[in-house]
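*Asks:* Quick one: this structure, given as structure tokens, is what I'll be asking you about.
Bear in mind these aren't lab numbers, they're just calculated from the coordinates by the rules spelled out. Predicted, not measured: the structure shown is a model, and the values here were computed from it. Here the Cβ is made from the backbone with ideal geometry for all residues, glycine too, and neighbour counts use every protein chain on show.
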């Protein structure tokens, strides 16, 4: 699949069929994740492919609890909620109710001791550690797109990290930073995406100065 | 370009020619970044394309200072340093000495107030905010690969964030999380990459249990 075709149609797919993923296909998307660049080429991440139904049931309950809390304020808006948010909410409800039936959930772990987190001591939230993990996560998700597999990056399970670590026997020094359910889409899956035009996202030399990149605004 | 071809040959390119990048090509790689998924589709990042020679000179000096500090212990190892690290060091020295001559440096900013950082209160370094930025950074770098443009993800400038923010007039509530020099490669640029086999990176259901993904080990 063409790189730009994959990127320009990569959207979150939250309704996933329980049908099995052929092992070579799963191996291919995981290999794509492993190709990603990381700081110092250290690859400070590991991926646990969770397929065990009992473990997935435990995870589904934890996820549904967090999803309910996370979406409480959205639900309170009722019909006032913007349509794209309503759609996201319904799809998310489906995922939360069915996470135990996805063919595989990839839990991504990282070890901060293996990272140079250059913004760790700044007086603002630190995110730089993510630079050596989410490159791999994006490769994984783009490869899923190419294989016709739906997936979505979720992070709500971090609120229950101790429970997840106990369940999957993750060592003390490793954290979790993503859980990615993967499966064939229930509906049509991928398609057009809605993003801001790049002139809202790109500045020329100083903050707020429009970049002259007119060709690609459309 | 094929998605897997791009990913499997994407390596850090630190020796960049000063030659200009045609504007439509630059627009294309920035648009690819904008396509990336982010939490709640909020796109809590902005990209500043720095091409101003005076600003780049200031940045180059800041970067070189941090690069010298960062690599001090590597240099102390002398010939004992592993060959891949020696190569990285030499290429990095080139970048540090020539960063003011790259055709464009993309400084990536983020706003933590627009993110749901689910691991913010855990008793370990937080990295989840990166999940809404480095997906875009990876798209940007993969698109560079497809266009024959070299680039590398750097984060050392975070050590000088206040100086960078003042120079680029970045508002108080925004942080910086990546600086990506982009240009045509001096040498051959992309090519084979060296990564761990995926059986070292993927576990089956519990930490440490080998996944049976034999087909792609090679």
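*Asks:* Within the range B:1-13, which residues are part of a loop (DSSP other than H, G, I, E, B), more than 14 Å from residue A:138 (Cα to Cα) and facing chain A (nearest Cβ under 10 Å)?
*Replies:* Within the range B:1-13, B:1, B:9, B:11, B:12 meet the criteria.
*Asks:* Oh, and also: Just to be sure, is residue B:166 under 30 Å from residue A:125 (Cα atoms), more than 10 Å from chain A (Cβ to nearest Cβ) and touching a strand residue (DSSP E or B) at 6+ places or on another chain (Cβ under 9 Å)?
*Replies:* Spelling it out, it is not the case that residue B:166 is under 30 Å from residue A:125 (Cα atoms), more than 10 Å from chain A (Cβ to nearest Cβ) and touching a strand residue (DSSP E or B) at 6+ places or on another chain (Cβ under 9 Å).
*Asks:* Go through (1) within 21 Å of residue A:54 (Cβ to Cβ); (2) more than 8 Å from chain B (Cβ to nearest Cβ) one by one and return the number of the condition residue A:161 breaks.
*Replies:* With respect to (1) within 21 Å of residue A:54 (Cβ to Cβ); (2) more than 8 Å from chain B (Cβ to nearest Cβ), residue A:161 is out only on (2).
*Asks:* Of everything in the range A:119-140 that's farther than 14 Å from residue B:127 by Cβ and in contact (Cβ under 8 Å) with a residue 24 or more places away in the chain, which residue is farthest from the other protein chains (Cβ to nearest Cβ)?
*Replies:* A:140
*Asks:* Can I ask one more? From the list A:76, A:91, A:32, which residue is surrounded by 17 or more Cβ atoms within 10 Å (Cβ to Cβ) and away from every other protein chain (no Cβ under 12 Å)?
*Replies:* A:91
*Asks:* Further, regarding this structure: Among the residues of the range A:14-23, are any buried (at least 16 other Cβ atoms within 10 Å of the Cβ), touching a residue at least 40 places away in the same chain (Cβ under 8 Å), within 13 Å of chain B (Cβ to nearest Cβ) and more than 18 Å from residue A:96 (Cβ to Cβ)?
*Replies:* yes
*Asks:* I want to confirm something. Restricting to the range B:34-60 and keeping residues that are in a helix (DSSP H, G or I) and without any contact (Cβ under 8 Å) to a residue 24 or more places away in the chain, which single residue is farthest from residue B:117 (Cα to Cα)?
*Replies:* B:54
*Asks:* Would you say residue A:44 is under 30 Å from residue B:81 (Cα atoms) and in contact with a helix residue (DSSP H, G or I) (Cβ under 9 Å, 6 or more places away or on another chain)?
*Replies:* yes
*Asks:* A further question follows. Only one residue in A:206, A:152, A:186 is touching a strand residue (DSSP E or B) at 6+ places or on another chain (Cβ under 8 Å) and free of Cβ contacts under 8 Å to residues at least 12 places away in the same chain. Which one?
*Replies:* The conditions single out A:206.
*Asks:* Would you pick out the residues in the range B:169-182 that are at the interface with another protein chain (Cβ under 7 Å from one of its Cβ atoms) and surrounded by fewer than 20 Cβ atoms within 10 Å (Cβ to Cβ)?
*Replies:* B:169, B:171 - these are the residues of the range B:169-182 that are at the interface with another protein chain (Cβ under 7 Å from one of its Cβ atoms) and surrounded by fewer than 20 Cβ atoms within 10 Å (Cβ to Cβ).
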